[in-house]
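What follows is one structure encoded as structure tokens, with my remarks underneath.
The values are calculated or read from the model by the stated rules, or taken from the named source; none is laboratory data. Treat the numbers as computed from the prediction; the structure is a model and nothing was measured. FYI the Cβ positions are ideal-geometry reconstructions off the backbone, even for glycines, and counts take in every protein chain you see.
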Amino acid sequence: MMSATLMELDQRDRGGPQQPLLVVRNLRKHFPIRSGILGRVSAHVRAVDNVSFTVRKGETLGIVGESGCGKSTVARLLMRLINPDAGEQIFDGDAVGEHGGISVADLRRQVQMVFQDSASSLNPRMPVQNSIAFGPIAFGTPRVEAVGQARELLTRVGLNPALFGGRYPHELSGGQKQRINIARALAMQPRMIILDEAVSALDKSVEAQVLNLLQALKRSFNLTYVFISHDLGVVRWISDRVMVMYLGEIVEIGPADTIYTGARHPYTRALLASRPALDPDQRREEAPVSGDPPNPINPPSGCRFHTRCPHAEPVCASRAPSLGAEGEQAHRAACHMQDPASGHSQAIAA
Amino acid sequence: MSTTIPGAATAEGSLPTQRGYWGTVGYRLRYDPVTLFFAALLLLIILSAIFAPLLAPFDPYQESIIRRLKPPGFRGHMLGTDELGRDVLSRLLHGGRITLLMGMVPVLVATLIGGGLGLVAGFAGGVVNAVIMRVMDVFYAFPSVLLAVAISGAMGGGVGNGMIALTLVFIPPLCRVAETATTQVRNLDFVDAARATGAPLRLVLWHHVLGNVLGPVLIYASSLTSVSVILASGLSFLGLGVKPPEPDWGLMLNALRQAIYVSPLVCAMPGIAILLTSISMNMLSDGLRSAMDVRS
């Protein structure tokens, strides 16, 4: 089955390795806030605003940011579990949900998702092997065959099918449930898996096991990952490229090592500095970035980070910095200090 | 992890005995003596109603002026006689046919319709939910007895119209219970995960939503059965349901009510019949619910 999977993957790879697996352009989602008995829309939560990025074949793109920055909304938008207000999504050269492109159902067959809450992401009334087999059965795989494949996948994620296949979710630990969730995603033979805080709720030791499992599966199934997490260390370890989000916007994107050693955006630097230091001498007394993120209902004008930024100047409040076009540079940051022409006093020289 | 579970010893590769969800539920039910007992009791009640003509010792319509309100055991009348001298046991057996019909059919139909509407409303949300639930709220504005009386009054009496009226009365509360349960389940990640496979919506609903909604709906529906019997008797009392001298538990209860000081034991008989039926229904659905809750 596994070698057959790889061959099939090659057939589905239409654009070749150079074509990005996923291109997202100007993705936008504003959630309306209704108030009053008539339910009039009084405001919008600007959860995701003009987000553009690409995911290359075979890479792992990490997405980091504080709670509420729109990471999970991006994940659900990519799966079309919620519909975007605007924006294009191109999967291996095919526009999603547009004439001449691929349908949402086709997209979902090739992109799967692993959810954060391993407890609520499995049906409590279904033996786990049936949960894994549900997708394939829905697409016409005979029941016995699908359950057989599910049991094979259980082995692949490190669980003995004879012992675990017939169990219900409440009979499993958090790590085991997350392995089941991964197996369920694999059952659809996807090309890309979105891991939305997939290991965040696990113990550190279990987290490491699951991360290693994910790396191994990525190689053997030829997968592409979008790895969403607030844990910077984990993201650095697993990601090839990292995208930093703040209040629904991308503030910095680039190769993982470059971001972690030479962050350009003050927010990224603050995030990195907020990691607890392992060396007691480097322990800091003050938080590198103070306060909560501003309300995404009325985000700050200009650069959305200027209210918390130590380098903020009048230009930051008046004009929004641009991330720059894709393809210009591998490492890009949306900060006036990166733009020689911005008028910021600390801007880099041209 | 060290606990041995059946089938675990089976060699790898060959599939051990696998029960799906419903198989597990059936397995658990078989080891629940209380539920089995009440299921048997309910079956007995239904069977005795079906075979009433064969079982009844007397003609349920045979009146006798000299045998009025006799206590149980009087000359072969095992449960006594009523205010017109008719054999209570025979009337209970025959009455069970219409009473059970009017008690169960409306609830059954209302569960299908109301539960289905609630499922759709809860899952779709938004405008669909608002339309369905506001219509249900209109029905809620009337007391259920009044509504049943009004509907069957408008459509004319008779058993059939009575059942339709009762069905309409039971749809809104069942719809609400189903809607609440569905709304809770809908937002859980496993429903999103099922949708994320790209599976057709009906399969997602059937496999992932329904099983988690059915429990509360079934429990509520079973408790409505006894309400339905009482409401049906109310309709009969007003001349809108069963017409005397047709035997019906509710009608019997109403008629014998006046003789409660003369012959209390006989008076209690139709009440006991209703009680046994509704207890069996409640216990059966409670057993089903706990068997369906595989977590316990």
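Can you tell me how many residues within segment B:37-76 are of a type in the set (A, V, I, L, M, F, W, C) and touching a strand residue (DSSP E or B) at 6+ places or on another chain (Cβ under 6 Å)?
1
Do you know which of the residues in segment A:127-144 that are of a type in the set (G, A, S) and outside any loop (DSSP other than H, G, I, E, B) is nearest to A:K177 (Cα to Cα)? Break it down into steps so the answer makes sense when it comes.
Just the residues of segment A:127-144 that are of a type in the set (G, A, S), to begin with: A:131, A:133, A:135, A:138, A:140.
Subsequent filtering for residues that are outside any loop (DSSP other than H, G, I, E, B) retains A:131, A:133, A:135, A:138.
Numbers: A:S131: 11, A:A133: 15, A:G135: 17, A:A138: 22 Å.
Applying the filter and picking the extreme gives A:S131.
Regarding A:E98, is this residue farther than 25 Å from B:D189 by Cα, more than 20 Å from the chain's Cα centre (by Cα) and charged (D, E, K, R)?
Details: farther than 25 Å from B:D189 by Cα: yes; more than 20 Å from the chain's Cα centre (by Cα): yes; charged (D, E, K, R): yes.
Judged against the criteria, A:E98 is a match.
Considering only segment B:129-208, give the helices (runs of 4 or more DSSP H) lying wholly within it that have at least 2 residues that are more than 14 Å from chain A (Cβ to nearest Cβ) and in contact (Cβ under 8 Å) with a residue 24 or more places away in the chain.
B:144-155, B:159-186
When you check A:V235 against the structure, is it in a strand (DSSP E or B), at pLDDT 90 or above and either β-branched (V, I, T) or touching a Leu at 6+ places or on another chain (Cβ under 9 Å) (or both), yes or no?
Criteria not met by A:V235.
Within segment B:44-70, track down each residue that is without any contact (Cβ under 8 Å) to a residue 60 or more places away in the chain and charged (D, E, K, R).
Passing the criteria: B:D59, B:E63, B:R67, B:R68.
Determine whether B:G211 is within 14 Å of chain A (Cβ to nearest Cβ), surrounded by fewer than 24 Cβ atoms within 10 Å (Cβ to Cβ) and either aliphatic (A, V, I, L, M) or under 30 Å from A:R109 (Cα atoms) (or both).
Working: within 14 Å of chain A (Cβ to nearest Cβ): yes; surrounded by fewer than 24 Cβ atoms within 10 Å (Cβ to Cβ): yes; either aliphatic (A, V, I, L, M) or under 30 Å from A:R109 (Cα atoms) (or both): yes.
In short, yes.
Restricting segment A:108-124 to residues that are surrounded by fewer than 24 Cβ atoms within 10 Å (Cβ to Cβ) and in contact with a Gly (Cβ under 8 Å, 6 or more places away or on another chain), which is nearest to the other protein chains (Cβ to nearest Cβ)?
Taking the candidates together, the pick is A:R108.
Residues are listed down the side, and each one gets a yes or a no for (1) away from chain B (no Cβ under 14 Å); (2) in a strand (DSSP E or B); (3) in contact with a Pro (Cβ under 7 Å, 6 or more places away or on another chain):
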position	(1), (2), (3)
A:A146	no, no, yes
A:A150	no, no, no
A:I182	no, no, no
A:I193	no, yes, no
A:A198	no, no, no
A:A201	no, no, no
A:N212	yes, no, no
A:S220	yes, no, no
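Scan A:A312, A:A341, A:A325, A:A334 and give me the residue that is more than 14 Å from A:A263 (Cβ to Cβ) and either touching a helix residue (DSSP H, G or I) at 6+ places or on another chain (Cβ under 9 Å) or in contact (Cβ under 8 Å) with a residue 24 or more places away in the chain (or both).
A:A312
So the check is Cβ under 7 Å with 6+ separation or different chains; which pairs have a first residue in segment A:49-60 that's in contact (Cβ under 8 Å) with a residue 12 or more places away in the chain and a second one that's surrounded by fewer than 21 Cβ atoms within 10 Å (Cβ to Cβ) and of a type in the set (K, R)?
Filtered contacts from segment A:49-60: A:D49/A:R28; A:N50/A:R28; A:S52/A:R25.
Name the residue that is surrounded by the fewest Cβ atoms within 10 Å (Cβ to Cβ), counting only residues in segment A:125-142 that are out of contact with any Phe, Trp or Tyr (no Cβ under 9 Å at 6 or more places or on another chain) and at the interface with chain B (Cβ under 9 Å from one of its Cβ atoms).
Here is the first cut: in segment A:125-142, the residues out of contact with any Phe, Trp or Tyr (no Cβ under 9 Å at 6 or more places or on another chain) are A:132-142.
Next cut, at the interface with chain B (Cβ under 9 Å from one of its Cβ atoms) only: A:134-139.
On the way: A:F134: 26, A:G135: 27, A:P136: 21, A:I137: 21, A:A138: 19, A:F139: 16.
Per the stated criteria, the residue is A:F139.
Residues are listed down the side, and each one gets a yes or a no for (1) under 18 Å from the mean Cα position of the chain (by Cα); (2) more than 14 Å from every other protein chain (Cβ to nearest Cβ); (3) at pLDDT below 80:
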site	(1), (2), (3)
B:I5	no, no, yes
B:T17	no, no, yes
B:L44	yes, yes, no
B:Q62	no, yes, no
B:L84	no, yes, no
B:S90	no, yes, no
B:R97	yes, yes, no
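Can you pull out the residues in segment A:314-330 that are farther than 20 Å from A:C69 by Cα and buried (at least 18 other Cβ atoms within 10 Å of the Cβ)?
Matches in segment A:314-330: A:V315 only.
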